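The values are calculated or read from the model by the stated rules, or taken from the named source; none is laboratory data. Because the structure is predicted, anything quoted here is derived from the model rather than measured. Here the Cβ is made from the backbone with ideal geometry for all residues, glycine too, and neighbour counts use every protein chain on show. What goes into the accessible areas is simple: the full protein's heavy atoms, side chains included, and nothing from ligands, DNA or RNA. Shrake-Rupley method; radii C 1.70, N 1.55, O 1.52, S 1.80 Å.
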Amino acid sequence: MARSGQPAPAATETDPAYLQERIDVVRRRRPGNTAAAVVLVVAAALFLYGAATNPTYGWSDFARYLFDWRVIEAARNTLLLTVFAMLGAVVIGVSLAVMRLSPNRVLQSSSWVYLWIFRGTPVYVQLVFWGLFSTIYKELRLGIPFGPTFATLSTESGLTVFHLAVIGLALNEAAYMAEIVRAGLSSVEDGQSEAATALGLSWWQTMSRIVLPQAMRVIIPPTGNEVISMLKTTSLVTAVPYSLELYTRTRDIASETFNPIPMLLVASAWYLLFTSLLMVGQFYLERHFAHGSTRARPSRRARALSRAAQKEQA
Amino acid sequence: MSSPTGAPPMLRAEQVCKEFDSLRVLKGISLEVARGEVMCLIGPSGSGKSTFLRCINHLERITSGRLYVDGEVMGYHDRGGRLHEMHPRDAAAQRRDIGMVFQRFNLFGHRTALENVVEAPLRVKGVPRADAARRAMALLDRVGLTSKADAYPAQLSGGQQQRVAIARALAMEPKLMLFDEPTSALDPELVGEVLDVMKALAQDGMTMVVVTHEMGFAREVADTVVFMDDGVVVESGEPQAVLTDPQHQRTRSFLSKVL
Ligand SMILES: Nc1ncnc2c1ncn2[C@@H]1O[C@H](COP(=O)(O)OP(=O)(O)OP(=O)(O)O)[C@@H](O)[C@H]1O
Ligand SMILES: [Mg+2]
C-alpha cells in the first residue's frame, strides 16, 4: 500500500494494483554522508571567511594586478608556449609512434632511443641544455656534409629564448605523446587495417582515415592531461632562461610589491581559466571522435552522403 | 580448366608454400578456379585455409610457388622469370580487384554502413562523391539494407554487418571474391540471410573462393569443393563427390565431425 496514504487506484483483473502504483521506497538513511557533507561545508566556509579577512592574501593587490597588462601579456605567452609546444609534440610524437610500430628495425630502435633519452632526463635539465644551445652550436648550416653550404643560420641571432623554450618543451613532451599515440594505435583491431588494405587503400590512407580516427578515442583523454600538464610545465622555462611567462612574470612583479601571495593567486586564476577552457575543448573533441561508439546519431558528413545518395536515386 | 577463348583462369595456384618462421603452414597448394566458378574450401581448424586466402590477395607473402590472379603474379613483377618485389602502390592496385569478406566482418567502426561502402571507391578509384553514394546505396539495396544506410556497425546485427561488408567489397567491382568463414561468427538464425546474399552473387556469375563450414551451402552452390588438411589439398572435386563419397580417410573423418 502507498505509504503516503493516497488511495490506491482500483485494481482490475489484468492490472493488479502493484502494477499501477509507483514504487514508493523508504530511502535508506546515510548518516555518514550527511555528517561528512556538513563537515566539508563548514570547513570550506571557515576557509573562505579566513581568506577574505586575512590581510596577507592582499585581495586589493589581486584585483589590481589580475588584468595588469604585464600579466595579460605573460598569460598570452604561457598560452602560446603551451600551444606551440603541444603542436610540435603531437607531430613528433605521432611520427615516433609510427616509427616504433613500423617493421623497420632501424626506425624502431631510433624511436626507442629517443624515448629513453627524453623521458629519462628531467625536463628542467633539458631546458637548461636548450638555453646553452647557441653556446654549443654557433651556427646551423644547410648543405651537403663536407660539401657546399646553401644557407647558414646563426643560432645566437636566429633562435630567440622563446623558440628554444618551445623546442625544449616540445621535444620532451613528444616522448610522452609517442607512448600515448602508440597505445591508441595498438587499441585498434588489426582487422581494421587488414580490411582497408584488402580494399586497396594505401598504407597512408589506412592510417589516416581508418586507424588514427578510431585511435583518437583512446588518445584524446590522456592528451588532454598532457596539455594541462604542459600549461603548468611552461613555468619551468625560466631554466632557458625565458622569463615572460605567467609564473616568472608574476613572481617578478611580487618582488616589487613585497607580497608574493596575491601574485600567486593572480597566476593561479589565469592557469585555472586556461585549464577550464581546455577541458571544454576536450569535451567537444571527444564528442567529435565518438561516432560509431557512444553516439548513435550519424555524423553530419554521413548524413550529407546519404542525402546525396537518395537525391541521385530519385 | 582454361576457357575456350584461351583466357587464363581467374585463380591459379602452383605449389604454393607458406612458412611462418619455422612453422610450415602451406605445403604446396595447387589449384585452379575458372571464371564464374565457386570454390568452397573446407578443412579442420589450423589447416591453413585463412592463410591461403590471405596469400591470394598478398596480405601474406608466399614462401615458394606461384599465385596468379587473372593471369598476373600476385605481389611481384615477373621480369624474365625473376620475381621483383612490387611497390606497395602496385600491390594495392592488384588488391582492389579482389574483394575480401572476413569472419569478424571488420567494418570500419567509425563509419556508417553507407560510408563503409563508399570509402574505397571514393578514395582508391576517385569516383565522384555523388556517383559513389548512389552506387553504394544500390549495393545496400542488393543486400537488403537501404534502411540501415545511416547506422553505425555497432548498431547492426552480425548478419547485417556481414551483408554490409559484402556490399563494401562489391563496391570495388572485384573480379574475384574471397570469403573467410563469413558465417562462423553469426548466431544460427542469422546465417541464412548472409548465405542468401552469397548465393545470389554466385548466380550472377561472380568468381568466389569460400572458406566455410556450411556443407549445405557448399553442396548447393559450389562448383568445386577442396578439402585441405595440414597445409595440403587432400581431395577436391565436385561437391557431390567430395561431400558424399570422399575417397580419403582424413576427409571422411572430418566430414563425420562437421555433418
Ligand atoms: N601471422 C602468423 N604467424 C605465425 N603463425 C601463424 C600466423 N597466421 C597463422 N599462423 C598459423 O598457421 C596455421 C594455419 O592457420 P590458419 O588461420 O590459416 O588456419 P585455418 O585453416 O584458417 O583455421 P581456422 O579454421 O581455425 O580458421 C595455424 O597453426 C596458425 O597458428
Ligand atoms: Mg581461418
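Observations on the structure shown:
- Qualifying residue in region A:54-76 (condition: more than 30 Å from A:Tyr242 (Cα to Cα) and either at pLDDT below 90 or within 34 Å of the chain's Cα centre (by Cα) (or both)): yes
- Selection status of B:Lys257, part of a helix (DSSP H, G or I) and modelled with pLDDT under 95: yes
- Of A:Val211, A:Val128, A:Val227, all but one fail to be in contact (Cβ under 8 Å) with a residue 12 or more places away in the chain, surrounded by fewer than 18 Cβ atoms within 10 Å (Cβ to Cβ) and assigned to a helix (DSSP H, G or I); the exception is A:Val128.
- Among the residues listed as B:Lys199, B:Lys148, the single one being open to solvent by 10 Å² or more (accessible area, probe 1.4 Å), among the basic types (Lys, Arg) and within 14 Å of another protein chain (Cβ to nearest Cβ): B:Lys148
- Scan of region A:96-116 for residues that are aliphatic (A, V, I, L, M), open to solvent by 50 Å² or more (accessible area, probe 1.4 Å) and touching a residue at least 40 places away in the same chain (Cβ under 8 Å), ordered by number: A:Leu101
- Residue in region A:16-34 that is more than 30 Å from A:Ile261 (Cβ to Cβ), surrounded by 10 or more Cβ atoms within 10 Å (Cβ to Cβ) and modelled with pLDDT of 90 or more present: yes
- Top-ranked residue of region B:100-112 - restricted to ones that are within 18 Å of B:Leu176 (Cβ to Cβ) and within 8 Å of chain A (Cβ to nearest Cβ), ranked as surrounded by the fewest Cβ atoms within 10 Å (Cβ to Cβ): B:Phe102
- B:Arg82 meets the conditions (1) farther than 25 Å from B:Pro174 by Cα; (2) in contact with a strand residue (DSSP E or B) (Cβ under 7 Å, 6 or more places away or on another chain); (3) at pLDDT below 95 in every case but one. The failed one is (2).
- Condition check for B:Ala185: more than 16 Å from ligand 1 (Cβ to nearest atom) and out of contact with any His (no Cβ under 6 Å at 6 or more places or on another chain): no
- Within region B:151-179, being charged (D, E, K, R) and open to solvent by 20 Å² or more (accessible area, probe 1.4 Å) holds for B:Arg163, B:Glu173, B:Lys175.
- Whichever residue in region B:120-141 is more than 7 Å from chain A (Cβ to nearest Cβ) and closer than 25 Å to B:Val69 by Cα and, among such residues, is most open to solvent (accessible area, probe 1.4 Å): B:Lys125
Yes/no matrix, rows are residues, columns are (1) among the basic types (Lys, Arg); (2) at pLDDT below 95; (3) away from ligand 1 (no atom under 15 Å from the Cβ):
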{"position": "B:Lys199", "(1), (2), (3)": "yes, no, yes"}
{"position": "B:Ala202", "(1), (2), (3)": "no, no, yes"}
{"position": "B:Thr207", "(1), (2), (3)": "no, no, yes"}
{"position": "B:Met215", "(1), (2), (3)": "no, yes, no"}
{"position": "B:Ala222", "(1), (2), (3)": "no, no, yes"}
{"position": "B:Met228", "(1), (2), (3)": "no, no, no"}
{"position": "B:Val233", "(1), (2), (3)": "no, no, no"}
{"position": "B:Leu243", "(1), (2), (3)": "no, yes, yes"}
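- Filter pass, B:Leu26 being within 13 Å of ligand 2 (Cβ to nearest atom) and buried (at least 20 other Cβ atoms within 10 Å of the Cβ): yes
- Contact map, region B:52-63: first residue open to solvent by 30 Å² or more (accessible area, probe 1.4 Å) and within 15 Å of ligand 2 (Cβ to nearest atom), second residue assigned to a helix (DSSP H, G or I) and among the β-branched types (Val, Ile, Thr), Cβ cut-off under 8 Å, separation 6 or more or different chains; pairs are B:Leu59/A:Thr197; B:Glu60/B:Thr51.
- Residue in region A:197-208 that is most open to solvent (accessible area, probe 1.4 Å), counting only those that are facing another protein chain (nearest Cβ under 7 Å) and in a helix (DSSP H, G or I): A:Trp203
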